[in-house]
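A quick write-up on the structure given underneath.
The values are calculated or read from the model by the stated rules, or taken from the named source; none is laboratory data. Please read these numbers as outputs of a predicted model, since none were measured by experiment. Because the Cβ atoms are built from the backbone with ideal geometry, glycine has one as well, and the counts that use them run over all protein chains shown. When the accessible area is computed, the model is the full protein with side chains, heavy atoms only, and any ligands, DNA or RNA have been set aside. Shrake-Rupley method; radii C 1.70, N 1.55, O 1.52, S 1.80 Å.
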Amino acid sequence: MSTTLVQQVQDYQQWRDSLIDAISSYQAWLDDHSEFEVQQSLKIFDLVESLKQDHVTLAFVAEFSRGKSELINALFFADFKQRLLPSDAGRTTMCPTELFYDAREAPYIRLLPIETRYRDETISQLKRKPIEWVTAKLNLDSADEMVEALQNLTQTKLVSKVEARTLGLWDDQDPTLQDMVREGDKVEIPAWRHALINYPHPLLKSGLAILDTPGLNALGAEPELTLSMIPNAHAVMFLLALDTGVTKSDLEIWQKHVKPQAKHTLAVLNKIDVLWDELKPWEKIQESVQRQQQATAQLLGLPVGNVLALSAQKALVAKIKGDPALLAKSGIERLEQILAHDIIPQRREILRNSVTQEIGALVLSAYNSVRTQLSATRREQNELLSLSGKNKEVIHKMLTMLDQDRNTYDQTVKSFNVTRGVITQQGRMLINNLSIDRLDEILEKAHGSIKDSWTTAGLSRGMQQLIRQTAHQYKHIHKHAKQVKGLVDAAYIRFHVKHGFERRHAPELSIDQYMESIRALAQRSEAFCRDPVNIMTEKHFLIRKFFLSVAGEARIIFERTRVDCEAWLRNVLAPLITQINDHKAQIERRLENVKKIHDNIDSLQERLNELESLQAALTKQLRVLEGILTKLQRPPEPALAQQKTGT
Ligand SMILES: Nc1nc2c(ncn2[C@@H]2O[C@H](COP(=O)(O)OP(=O)(O)O)[C@@H](O)[C@H]2O)c(=O)[nH]1
Ligand SMILES: [Mg+2]
């Protein structure tokens, strides 16, 4: 395995750990200064958990037998000195397989029986029900046992056509399914619907996750792959093989499942070793490979740099045998470089942005609050120093002035509390738009407009309904958010003008990306509905499954919107409230100081000393928060350095 790829993934993990570290330091700071809300702690806990769970997902999508499993073995599991994933002629993986590492459980392989297709739950819902899966522990000490456990991925079973049809896996009219037919009335179907492998490989431990898919049939039968798993992957490898050339079904996979949804696509022209011929000069062979690369790039509409030619099999052999010449010849190193230099850093950038946005705003607001307090103590200090040597009358005057200050401030706060009530109410109305009930209502309406006509026309109607309803809902959310922001901004101005608060603005609510996700779902459904195969055969079972998957995705998108809206509502007021409370505490303290000095002028020095130590404590807090901010904002340096030297 190329050191850069290992290095990149490890850098990614280190960077992620240092983020978690920064967030924990902030949590510790919060614990020591408990005036901050408990809700914030909960949010931070969620954030740390989701960071720990974060993965960079690579999906391998292609027709069967193009060498996906072999390429995964070569890229990631050569250290195992064996083929970890089954990849032999006729013994190939039959179900979509996810490989990852989850430290909370011992290594396992978990298989979802194909019969779960009878039910309405999506795979992502079933993932939360381990009881539905067949689980086997993986014995890492025995290569043979490992390989045997993973052979399960190739299991198939013979069932009648009727049974296969009720599982949505057989259709008499679909000529592409003919190769499933075995003796008599029987057809061969996969024994498992989905597989999860929890395996402590260093790369997986560092946050890499892999999705291996079997081929066109499986992609067509499991809408969740097309609707969520492939689009959610951070990069998709699309494989073609030189022994078969580009077939009709290769193109179909590309057109339907890869091109429209993948964010970052690489095409791999595999099995170049079939062109290797000792009787031909190497240059000629290279020329021929390059020609095929160019032709493929043109056919797929990709830049030629995104089409890589390699031999997964030779790469695996070279790594296992430690043969650097063969490794270079295999062409795999270019792919490893792209993974290391483009895909992983890109993922890191996205994650960094979202984390700094969420937590950065909180830390920054705490930082600003401490800074304001610090400058307030400096003012107080000057105020007290100016009293030194003054007579009681001057001090009394000051006391009266401060008392007046307090009264007007209390008035402003009182009227603000009315505004706050309105804000809370608007916030509640905003969140109501995102309740489970409301979503159920929307989905119910979409379902209703299909009216048990599980046809592409019905599904298309249902999706349009879903889009309309969601857009309507999001419009309401924006309306309430605008009102909330307007009220908070006005309050900032009022406190600024009347009491010299720092002038700030409430953050904007940004949920447009979720509306985009819903639109993308609708687009994928439209493509599905326009597909001649689906129109002609009207696979009711599949259409129903498709709709259920869409509904599952919509739920996830709604849930994310709600979490974001709740966080926004918390953050929109929090800095202002902190400022208001800090200011109140400060007025009270000044009053108290001057009162004491009024009663006993000798206490002046004592007060000054107290302020001194308060300042020291605040300065220390400021340094801590500064440190956290720097850590949060620090770009991933080692990665950039390496990219330049291109090791
Ligand atoms: N000659 C050659 N055969 C390969 C290469 N990669 C995979 N294969 C073979 O192609 C067949 C299918 O590979 P597999 O990884 O199971 O394909 P998948 O169905 O796409 O996962 C197996 O027999 C592999 O040994 C390669 O680079 N060169
Ligand atoms: Mg495979």
(message) Taking the full set of protein chains and a 1.4 angstrom probe, give the accessible area of D31 in square angstrom, rounded to the nearest 10.
(response) 100 Å²
(request) Can you work out the PRE-style zone for Q298? Point 7 Å along Cα to Cβ, and I want the residues of region 267-283 with backbone N under 20 Å. (result) 267-270
(message) If you roll a 1.4 angstrom probe over the protein chains with everything in place, what fraction of the accessible area of the chain belongs to carbon and sulfur, to the nearest %?
(response) 53 percent
(request) Mind scanning K390/K595; K68/K271; K157/K248; K414/K482 and naming the pairs with a C-alpha gap bigger than 19 Å? (result) K157/K248; K414/K482
(message) Can you give me the angle between helix 436-450 and the longest principal axis of the chain, using Cα atoms only, in degrees from 0 to 90, rounded to the nearest 10?
(response) 40 degrees
(request) Using the charge dipole of the chain (Lys, Arg: +1 at Cβ; Asp, Glu: -1 at Cβ; taken about the Cα centre), state which of I332, L387, L99 has its Cα farthest towards the positive end. (result) L387
(request) Heads up, I need the accessible area for E349: 1.4 angstrom probe, whole protein in place, Å², nearest 10. (result) 70 Å²
(message) Can you give me the solvent accessible area of V289 with a 1.4 Å probe, rounded to the nearest 10 Å²?
(response) 10 Å²
(message) For the chain, take the longest principal axis of its alpha carbons; what is the angle in degrees between that and the long axis of helix 282-300, to the nearest 10 within 0 to 90?
(response) 70 degrees
(request) Identify, among L434, Y514, I493, the residue whose Cα sits farthest towards the positive end of the charge dipole of region 408-581, taking +1 on the Cβ of Lys and Arg and -1 on the Cβ of Asp and Glu, with the dipole about the Cα centre. (result) I493
(request) Please work out the average accessible area per residue across the chain, using the 1.4 Å probe convention, and give it in Å². (result) 47 Å²
(message) How much of the DSSP bridge set in the chain is antiparallel, in percent, rounded to the nearest 5?
(response) 50 percent
(request) Please give the contour-minus-distance gain from R623 to N391: 0.36 nm per residue of separation, less the Cα-Cα distance, rounded to one decimal in nm. (result) 79.6 nm
(request) Give the distance, in whole Å, between the Cα centre of region 418-495 and the Cα centre of region 288-351. (result) 45 Å
(message) Can you tell me the length gained on complete extension of the stretch A325 to K595, counting 0.36 nm per residue apart and subtracting the Cα distance?
(response) 88.6 nm
(message) Can you give me the C-alpha center-to-center distance between region 79-99 and region 378-411, rounded to a whole angstrom?
(response) 79 Å
(request) Would you mind computing Rg(Cα) / (2.2 N^0.38 Å) for the chain, counting N as its residues? (result) 1.22
(message) Relative contact order for the chain: what percent, with Cα pairs under 8 Å and sequence separation of 6 or more?
(response) 18 percent
(request) Enter the angle in degrees (range 0 to 90, nearest 10) between the Cα long axis of helix 512-530 and the first principal axis of the Cα atoms of the chain, meaning the one along which they spread out most. (result) 20 degrees
(message) I want to check the label-to-label distance for Q255 and D440. Put each point 7 Å from Cα in the C-beta direction and report it in nm to one decimal.
(response) 4.2 nm
